[in-house]
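Structure first, commentary second.
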Amino acid sequence: MNQQGYIVEIIDEKTAKLKLQRHSACAACGKCQTTSEKKDILVEVDNTLGAKVGDHVEVNMENVNVLKAAGIVYVIPLIALLAGTISAYFILQALNITSNIEMMSGVVGLILTAVVFLVIKQNDKRFRDSRNYIPVVTKIIIL
């Protein structure tokens with residue numbers, strides 16, 4: 001997925017903040033900070049090319065990594081919700097608990113989903129450090 005934008009801040013020697021228009025495939029995963037109603041976003045990028053503040057650049061993020069990131073953030077918690085709810089329902093049935101069994105299984109599913117979100121949040125630094133899930137500056141565009 002290729003996008004163009006301009007560098008607004010240098011964070012360190014290999015990371016910068018880029019301002020660009022949100023791509024329709026980007027949706028609102030929460031990784032980016034929305035800056036206006038025009039759907040401009042600020043996103044951290046791998047700046048190993050050494051672009052400076054104000055440079056117009058092209059960035060790329062492999063589609064496979066976009067799908068992996070979406071799976072981590074959306075699919076894994078959904079699986080936790082379903083697995084927690086369904087397994088709790090059958091376990092409570094096996095224990096001959098009949099009152100509010102649906103409510104209790106739903107609560108167990110929500111608790112398991114919250115735990116999965118917390119685990120993902122705790123591993124956020126590891127995901128950032130791997131640099132697989134952030135766009136990479138591929139070209140400095142000379143206007």
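The values are calculated or read from the model by the stated rules, or taken from the named source; none is laboratory data. These numbers were taken from a predicted model, which means no experiment stands behind them. Heads up, the Cβs are rebuilt from the backbone with ideal geometry, glycines too, and the neighbour counts pull from every protein chain shown.
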Checked the stretch 92-123 for anything closer than 30 Å to K14 by Cα and surrounded by 11 or more Cβ atoms within 10 Å (Cβ to Cβ); matches are F117, V119, I120, N123
Can you find even one residue in the stretch 72-91 that is modelled with pLDDT under 85, surrounded by fewer than 17 Cβ atoms within 10 Å (Cβ to Cβ) and either closer than 30 Å to L110 by Cβ or not assigned by TED's automatic domain parsing to the domain that holds L20 (or both)?
no
Going through the stretch 115-134 in order, the residues found to be more than 10 Å from the chain's Cα centre (by Cα) and of a type in the set (D, E) are D129
Residues in the stretch 15-34: is at least one charged (D, E, K, R), at pLDDT 85 or above and more than 16 Å from the chain's Cα centre (by Cα)?
yes
Expected output for the stretch 106-134 (first residue at pLDDT below 90, partner surrounded by 14 or more Cβ atoms within 10 Å (Cβ to Cβ) and part of a loop (DSSP other than H, G, I, E, B), Cβ below 6 Å, 6+ apart or cross-chain) is F127/Y133
